[in-house]
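The values are calculated or read from the model by the stated rules, or taken from the named source; none is laboratory data. Here the structure is a predicted model, which means the values were calculated and not measured. FYI the Cβ positions are ideal-geometry reconstructions off the backbone, even for glycines, and counts take in every protein chain you see. All accessible areas refer to the heavy atoms of the entire protein, side chains included, with ligands and DNA or RNA removed. Shrake-Rupley method; radii C 1.70, N 1.55, O 1.52, S 1.80 Å.
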Amino acid sequence: MRFQLETKWLEPAEQEIPAELQPYATRSRLLAQGLLRHGIRSMQQAQSFLDPRFYQPSDPFDLPDMDKAVERLNRAIRNKERIGVWGDFDVDGQTSTTLLVSALRQLGVEVFYHIPVRAKEGHGVHLPALDTFLQQGLQIVLTCDTGIDASDAVEFARQRGVDFIITDHHSLPETLPGACAVINPQRLPEDHPARTLSGVGVAWKLIAALTNELGQLEISEQSLDLVALGLVADISSLIGDARYLVQLGLQHLRTPRRPGLQKMFELAEVNPANLTEQHIGFTIAPRLNAIGRLGDANPVVEFLTTSDAQTIAVTAARLEGLNSERRFLTEQVFMGALSQIERNPTVLEAPVLLLSHPDWPAGVVGIVCNRLVELLQRPVILLSNPPGLPMRGSARSIEGVNITKAISAGREYLLGFGGHPMAAGLALDSQNLPAFQQKLNQAVRSQIGDKPLVREIQIDANLELDQIQPELIAEIDQLAPFGAGNPPLVYATGNLRIADSSPIGRTGEHLQVLVEDARGQTRRVIWWQGEQGLLPSGRFDLAYTLRASNYRGQAEIQMEWLDARQRVEEALDLGRRDKYEQIVDLRSASDPLAVLPGYLHGDVVLWQEGSRLMEAASSRNRLRAAETLVIWNAPPGAAELAQALKTVKPNNIVLFAVPCGTDQPGEFLTNLTGMVRYALRAKSGQIDLVELAAALNQRVAAVEAGLRWLTARGIIHFVTETIDQFVLAEGGVPDIEKVSIMENALRNILRETAAYRAFYLRADPRELLKLE
């Protein structure tokens, strides 16, 4: 189910191009218009925006307390003091930690580091872990991407004769910690070019200031690749110094010198020569984030600094495995959140969507928050509430709502919180949730007033399909890197129709749509998280973005679906109608095998699931177009039924409901284990997820959850995995914590499947087939 938000298209507003920008307009009027969108009206401004060689970055000493931090670190270097770097487990924290550790070691410092393990410690500097950290004989603790609220930790260290230097970028507390230096760009004026730096950007400014004074500026320049990774991954606003540093960092990443990154690019099938901020955001950062969300991120520091091939190979393989697990868990939490909204749509009446579940892994709820914000265009908070433990979770916001400020309105009910205007983390006892939610909603209402939640899309230009050429995209890509603070240009093309569409992705969660204009020109468009049921009927206008892409060495233009608007002349005839000539309902037949032969004449497809198919039957991955579709078993979900209908395109439907397979976890795992052992013995461990799901009459998600449960038990391990193909081998390392996570995920999936089968048995056929 999708929850459609009112969308308003803002048509292109052509601006007069100043004389100084005419050289850019001569090359591309869209490029000049894009510069104007950023308030750029002079040649000097344009050059510094497009080319980092012309940009003058701000002085690191503009940051308050920078002089104090540099002086203290200089003294530590002279006196051979031990420094402990305390980081955070997301990509920004990982890269910050790596940058500081690597730079200080090159300056001759003995450095120790600690990145909290999310499942055990959470964000911030906690006293038990700090006490252990200090036992290594430290004289200074240097934080990165954390520490702005660590007053207790600072005092704890001071009493033990240890100085604190804090570098962070999160929202400021009412009182700053009493550290010897607190470096945070939030202390700068709002229009300062360094204001939007993330944790790694602040850490780099510190090292740049320190190495400049020591005459070793090349040390900071070597870390620009890390800075780009952290800034893009943390969704920093790419303006001013942040944009400049990402531009330089991308240049370094395109010729990577770190063996660890080279291995990551190889496994992720990314050609670094063509790397963009999109590769960081959607391919590289998720792999690094996965280890911080689901495991221990400390090994990443060595991974990004070592040249030892074995260490790199082991960590890179772990990153791949955890990223696959992260994708799976994210999809389950996302579907669970949508299910909660379906059951109780009134939760959408509040200005902040707040949902919780005892089985949601806290490490992935932030990712799901992002997806729900994009879908619903409202602030979202998701919480994990295991029995007997505090609720912990993440918040994400929309432009115009400072979510951290809103959360702080209910601080008396919280065990802790922190973040910045667009994202935050929080923890509270479950009994305080109603009171906190009331304060939260009041605070958000005071920020947005009576404004309705409307998704606005600014169209930058109207194009015809044949205008989408590589030369145009190459010109527009000069405005990159795109991201927060510098969104990509949005284009619109009118009078299109759907020529074809097909699901893509491991579970068919995305759509590839072929659109055709009135002259027969076609283009393929990717619709992330798209749904077949929401594709427009008849003629429509499409809003989209364009980027140059290089997939597996093939240069192409990637067209990404943003929104569709039905054309006025088509709007009068959009009602769905009964498209089946005949629907025969035999779901309650007492002897299905006796009546089945009467419906197998002519052009018929019999859809049956299970390991033993009737001679005339086809499983879901063997269906074809036919006049009549006979549905033998109750499908495991609405998506599987919809895909079967789309593939067969029948005029007639015969409904049976013969039981097949089981939705009980124990029996399901027994059956799955038997099939896996057969694959290990007879197929060299090769597994096709779709075929296995069909043989079990289950959703692909259930099969993947079961395989990951077997992996966590140490029964099997993954050798390789692609979109829907796995190669397995016997044996592995048991992970008791993962067993519990995977078991809970599997139970939730099977529970949803059982609920759908119950619906299939009782629903009116027209409701089941989504007819009006």
### Message
To make sure I understand the rule: partners must be lysines, Cα under 22 Å from the Cα of LYS770, and not fewer than 8 residues away in the same chain. Which ones qualify?
### Response
LYS579, LYS646, LYS649
## Note on the structure
Expressed in nanometres to one decimal, the distance between label points 7 Å along Cα→Cβ at ARG751 and ARG257 is 5.3
### Task
Express the relative contact order of the chain as a whole percentage, based on alpha carbon pairs under 8 Å and six or more residues apart in sequence.
9
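In debye, nearest 20: dipole of the range 639-694 around its Cα centre with unit charges on the Cβ of K, R (+) and D, E (-)? List each step's numbers first, then the result.
Numbers: 5 positive and 5 negative charges, 43 e Å.
In debye, rounded to 20, the range 639-694 gives about 200.
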### Message
Under the rule a/c < 1.5 gives rounded, and otherwise a/b versus b/c splits prolate from oblate, where does the range 476-547 land using the Cα gyration tensor?
### Response
oblate
## Note on the structure
Phi angles of the range 395-405, converted by Karplus (6.51 cos²θ - 1.76 cosθ + 1.60, θ = phi - 60°) into ³J(HN,Hα) in whole Hz with x for Gly and Pro, give 10, 9, 10, 10, 4, x, 10, 7, 5, 5, 5
### Message
Could you tell me the calculated FRET efficiency between GLU121 and PHE61, based on Cβ-Cβ distance and R0 = 51 angstrom, to the nearest 0.05?
### Response
0.95
### Spin-label model distance (nm) - ASP591 vs GLN521, 7 Å beyond Cα toward Cβ
6.4
### Task
Counting helices only, and only those DSSP H runs with n ≥ 4, report the 222 nm mean residue ellipticity of the chain as the sum of -39,500 (n - 2.57) divided by its residues, in deg cm²/dmol to the nearest 500.
-11500 deg cm²/dmol
### Query
Given H placed 1.01 Å from N in the peptide plane, which residues other than close sequence neighbours of ILE165 have an amide H under 5 Å from its amide H?
VAL141, LEU142, THR143
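May I ask for the net charge around PRO636, where only other residues with Cβ less than 11 Å from the Cβ of PRO636 are counted and Lys, Arg are +1 while Asp, Glu are -1?
On the way: positive: ARG620, ARG699, ARG757; negative: GLU609, GLU640, ASP663, GLU752.
Result for the local shell: -1.
For the range 623-772, what is the accessible area per residue in Å² when the probe is 1.4 Å? Please report the intermediate quantities before stating the final value.
On the way: 6430 Å² over 150 residues.
Heavy-atom accessible area per residue stands at 43 Å².
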## Note on the structure
Among PRO358, MET675, ALA474, the residue whose Cα sits farthest towards the positive end of the charge dipole of the chain (+1 at Cβ of Lys and Arg, -1 at Cβ of Asp and Glu, taken about the Cα centre) is MET675
### Task
Using only alpha carbon pairs under 8 Å that are at least six residues apart, calculate the relative contact order of the range 249-407 and give it in whole percent.
16
### Query
Once you charge only the Cβ atoms, +1 for Lys and Arg and -1 for Asp and Glu, what is the size of the charge dipole of the range 419-522 about its Cα centre, to the nearest 20 debye?
680
#### Entry: Backbone HN-Hα couplings from phi across the range 340-348 [Karplus 6.51/-1.76/1.60, Hz, Gly and Pro as x]
4, 5, 4, 6, 9, x, 5, 5, 7
### Query
Whole-Hz Karplus ³J(HN,Hα) for the range 522-533, in order, using 6.51 cos²θ - 1.76 cosθ + 1.60 and θ = phi - 60°, x for Gly and Pro?
10, 8, 8, 10, 8, 10, 5, 6, x, 10, 4, x
### Query
Amide H of LEU562: which non-local residues (sequence gap of 5 or more, or other chain) have their own amide H closer than 5 Å, using H built in the peptide plane?
ALA543, TYR544, THR545
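On a full-extension model of 0.36 nm per residue, what is the gain between GLN582 and TRP528, subtracting their alpha-carbon distance, rounded to one decimal in nm?
Working: separation 54, 0.36 × 54 = 19.44 nm, distance 3.47 nm.
That pair, GLN582 and TRP528, stretches by 16.0 nm at full extension.
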### Message
Quick check: residue separation of GLU20 and LYS649 times 0.36 nm, minus the Cα distance between them. What number comes out in nm?
### Response
220.6 nm
### Task
Pop a pseudo-label 7 angstrom from the Cα along the beta-carbon direction at both GLN458 and ARG160 and give the gap in nm to one decimal.
5.0
### Summary
Residues other than PRO57 with Cβ under 14 Å of its Cβ, Lys/Arg counted +1 and Asp/Glu -1, net out at -1
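Could you pull out the trypsin sites (Lys or Arg not before Pro) across the range 616-656 that fall in loop regions by DSSP (anything but H, G, I, E, B) with no more than 16 other Cβ atoms inside 10 Å?
Details: sites: ARG620, ARG622, ARG624, LYS646; in loops: ARG624.
Sparse-neighbourhood loop trypsin sites (Lys or Arg not before Pro): ARG624.
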### Task
Mind giving me the FRET efficiency for SER430 and GLU627? R0 is 35 Å, r the Cβ-Cβ distance, nearest 0.05 is fine.
0.05
### Summary
The rounded separation in angstrom of the Cα centers of the range 669-704 and the range 315-374 is 26
### Message
On a full-extension model of 0.36 nm per residue, what is the gain between ASP51 and THR720, subtracting their alpha-carbon distance, rounded to one decimal in nm?
### Response
236.7 nm
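So which trypsin sites (Lys or Arg not before Pro) in the range 669-699 pass both tests, a DSSP loop state and at most 15 other Cβ atoms within 10 Å of the Cβ?
LYS683
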### Task
With 30 Å as the limit, write out which pairs from LYS205/LYS263; LYS405/LYS738; LYS80/LYS205 have Cα-Cα distances beyond it, or answer none.
LYS405/LYS738
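What does the charge count near SER384 come to, summing +1 for each Lys or Arg and -1 for each Asp or Glu among other residues with Cβ under 9 Å from its Cβ?
Details: positive: ARG392; negative: ASP359.
Net charge around SER384: 0.
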#### Entry: Counting DSSP beta bridges with both ends in the chain, the antiparallel % (nearest 5)
55
#### Entry: Förster radius 35 Å - calculated FRET efficiency between LEU389 and THR132, Cβ distance, rounded to 0.05
0.95
### Message
Please list, ordered by chain and number, the residues whose modelled amide H lies under 5 Å from the amide H of ASP460; skip anything fewer than 5 residues away on the same chain.
### Response
VAL490, TYR491
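What part of the accessible area of the range 654-772, given as a whole %, is carbon or sulfur when the probe is 1.4 angstrom? Each step should come with its number before you reach the end.
Numbers: 2930 of 5430 Å².
The nonpolar share, carbon plus sulfur, comes to 54 percent.
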